[in-house]
Amino acid sequence: MTSLELSRINKKRHYNILRDIREEIINHSLPEDSEIFRISSYLDRGKKPRILYQINETGLKYLLWRYRTKDSSMVYIEIRNILEKYLKKKKKN
């Protein structure tokens with residue numbers, strides 16, 4: 001999953017997701033470009049390159065924990081379901 005996809009699901013601005021990922025990188029003493037949060041890029045509507053992160057299952061769990069609140073219980077459930085699908089797909093491969 002990418003940070004951009006997560007921002008759409010979570011209904012948060014992408015730059016806020018990027019901020020949260022950077023905080024998780026610091027909190028967990030991870031390298032800037034790790035297997036958990038892999039730096040990548042995409043072209044926005046104006047064809048400008050923008051940063052995004054590829055997030056593996058551990059990264060999703062970090063963010064899932066971060067976003068779990070009473071107000072975001074539906075988001076929590078949706079992200080958890082996506083994580084479960086990701087894990088099932090990974091097992092098949």
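Of the trypsin sites (Lys or Arg not before Pro) found in the range 1-32, those in coil by DSSP whose Cβ has at most 11 other Cβ atoms within 10 Å are Lys11, Arg13.
Of the chain, which part is the longest with no GluC sites (Glu not before Pro) in a loop (DSSP not H, G, I, E, B) and with at most 11 other C-beta atoms within 10 angstrom?
Numbers: sites that count: Glu32, Glu35.
In the chain, the maximal stretch lacking such sites is 36-93.
Subtracting the Cα-Cα distance of Ile9 and Arg38 from their residue separation scaled by 0.36 nm leaves 8.5 nm. Global size of the chain: 13.2, 38 Å for Rg and Dmax (C-alpha atoms, Rg to one decimal, Dmax whole).
Every number in this text was worked out from the coordinates using simple rules, so none of it is lab data. In this text the structure is predicted, and so the values were computed from the model without any measurement. Please note: Cβ atoms are built from the backbone with ideal geometry, for glycine as well, and neighbour counts cover all protein chains shown.
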